[in-house]
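In what follows, a single structure is set out as structure tokens and then discussed.
The values are calculated or read from the model by the stated rules, or taken from the named source; none is laboratory data. In this text, all values refer to a predicted model and were calculated from it rather than measured experimentally. Please note: Cβ atoms are built from the backbone with ideal geometry, for glycine as well, and neighbour counts cover all protein chains shown. All accessible areas refer to the heavy atoms of the entire protein, side chains included, with ligands and DNA or RNA removed. Shrake-Rupley method; radii C 1.70, N 1.55, O 1.52, S 1.80 Å.
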Amino acid sequence: MTRRLLAAASLCVPAMVVIASWWAWRDRLPTDLASHWSGAGPADGAMAASVLFSLYLAITGVSAGAGVAIALWSRISAGARRGGLFLFGLFGGMGAASWLLSAGLTMRAGDPYEVVLGPWFLLSLASAGYGLIPSLISPKPHIEATDVRGRFTLAARETGAWSQTITGNIFVWATIILVVLGGAIYVPMVIDGRIGGELFGMATMTAAVLLVASFIRLRVTADWRGLRVVSAVLRLPLKRIRMKNIDLLEAGELRPAEWGGWGYRIMPGRSALILRKGPGLIVTTRNQKQFAISLDDPETPAALLATLRDAARLPAAE
């Protein structure tokens, strides 16, 4: 309970920062503050200081309230609580950072339309990491895992390998949506010759499309080296768990709500590739972290990895 209370208190800090800075700067704030940038150049949008303050106070305040409710809710699992605290901490941290940048840079420049974001953009991105603070303060989830019972019979010098290529339909649709969105935003700019100031945004969108597309086709391999997940599209390694780090293996039913939703989910102590509701492989490592992936026949790789893991530990046991 003490850690949950501390996590709840940390979520209130962004809102308190917004209020304290407003109180300290209230007599020096210009009437309008820079509120939007299309690139690294000067601001292209402004908003009344009182309205912008109310907006960011609402963002940080709602994030704090929702986070406190999650931190104190006793019926939610520890893993889901950590995920929720990270999400609301992310919104709170970015809200506070955006307010400080808009107000601080406008006071320094005088004119909101002369405010250049420049390298301060990195601070805005880094502020998303604030969600890690309440998430890590919150108690770790207690991992309840059992080892698969099935085993393969292998000769003394015999080994085995298993692989499966799977398609993530959710990533297909996500890639299509990103391509359509990027085309709608940047194609008119290219036609009009206005793309010069939007190269960073275009490069970011392209990188996002490639990243999401890399998950469309996945090759999952289980052998004496451990478990590997590789993008069959870009040939990039996405996940690797070495055999020496594997503790427990399970073939179970994966529910998106229990793993943070659909797609590639990363949470404190857990990560997953959830492509659908149904069967999947769950690997618990020796440092008490878990990875899950949707598979049609998870019993086979689970049994094979368990067999190879047991064989690898025999010399040490003897």
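Given a Förster distance of 25 angstrom, what is the FRET efficiency for ALA58 paired with SER124, based on the Cβ-Cβ distance and rounded to 0.05?
Result of the calculation: an efficiency of 0.85.
Where is the GNM fluctuation largest for the chain (alpha-carbon springs, 10 angstrom cutoff): MET94, MET243, MET189?
Of MET94, MET243, MET189, the Gaussian network model singles out MET189 as fluctuating most.
Enumerate by residue number the chymotrypsin sites (Phe, Trp or Tyr not before Pro) in the stretch 25-87 meeting two conditions: DSSP loop (anything except H, G, I, E, B), and at most 16 other Cβ atoms within 10 Å of the site's Cβ.
TRP73
If the elastic network links every pair of Cα atoms under 10 Å, which of LEU136, LEU85, LEU273 fluctuates the most in the Gaussian network model of the chain?
Taking springs between Cα atoms under 10 Å, the residue moving most is LEU136.
Please check: in the Gaussian network model of the chain (C-alpha springs, under 10 Å), which one of GLY269, GLY160, GLY92 has the largest mean-square fluctuation.
Looking only at GLY269, GLY160, GLY92, the largest GNM fluctuation is found for GLY160.
Between helix 49-72 and the chain, what is the angle of the helix's C-alpha long axis to the longest principal axis, kept within 0 to 90° and rounded to the nearest 10?
The answer is roughly 30 degrees.
So if I take the alpha carbon set of the stretch 266-318, get Rg, then get Rh from the Kirkwood formula, what is the Rg over Rh ratio?
Taking Rg over the Kirkwood Rh, I get 1.06.
Taking only DSSP H segments of four or more residues, each worth -39500 (n - 2.57), what value at 222 nm results for the chain once the sum is divided by all its residues, to the nearest 500 deg cm²/dmol?
-16000 deg cm²/dmol
Kirkwood-based Rg over Rh for the chain (C-alpha set), two decimals?
1.07
Of the accessible area of the chain, with the probe set at 1.4 angstrom, what percent is carbon plus sulfur?
The value for the chain is 64 percent carbon and sulfur by accessible area.
Rolling a 1.4 Å sphere over the protein heavy atoms, what is the accessible area per residue of the stretch 119-250, to the nearest Å²?
63 Å²
So which trypsin sites (Lys or Arg not before Pro) in the stretch 74-119 are both in a DSSP loop and have at most 12 other Cβ atoms within 10 Å of their Cβ?
ARG75
If each of SER50 and ARG219 carries a label point 7 Å out from its Cα toward its Cβ, how far apart are those two points in nm?
6.4 nm
Taking H as built 1.01 Å from N, whose amide H comes closer than 5 Å to the amide H of LEU238, not counting residues under 5 places away?
VAL229, VAL230, SER231
In degrees between 0 and 90, to the nearest 10, how far off the longest principal axis of the chain does helix 199-213 point, with axes built from Cα atoms?
20 degrees
Quantify how much of the Cα-Cα distance distribution of the stretch 174-268 extends past 24 Å, in percent.
Of all Cα-Cα distances in the stretch 174-268, 43 percent exceed 24 Å.
Which whole-Hz couplings ³J(HN,Hα) result when phi for each residue of the stretch 75-91 is put into the Karplus expression 6.51 cos²θ - 1.76 cosθ + 1.60, θ = phi - 60°, listed in order with x for Gly and Pro?
Rounded to whole hertz, the list is 8, 8, 5, 4, x, 5, 5, 4, x, x, 5, 5, 4, 6, x, 4, 5.
Tell me, how many Å apart are the Cα centres for the stretch 45-67 and for the stretch 3-24?
If we compute the Cα centre of each part, the gap is 13 Å.
Which chymotrypsin sites (Phe, Trp or Tyr not before Pro) does the stretch 209-318 hold that lie in a coil by DSSP with at most 15 other beta carbons within 10 Å?
TRP224
Can you pick out the pairs among LYS239/LYS289; LYS244/LYS289; LYS140/LYS244 whose Cα atoms lie more than 21 Å from each other?
Correct reply: LYS140/LYS244.
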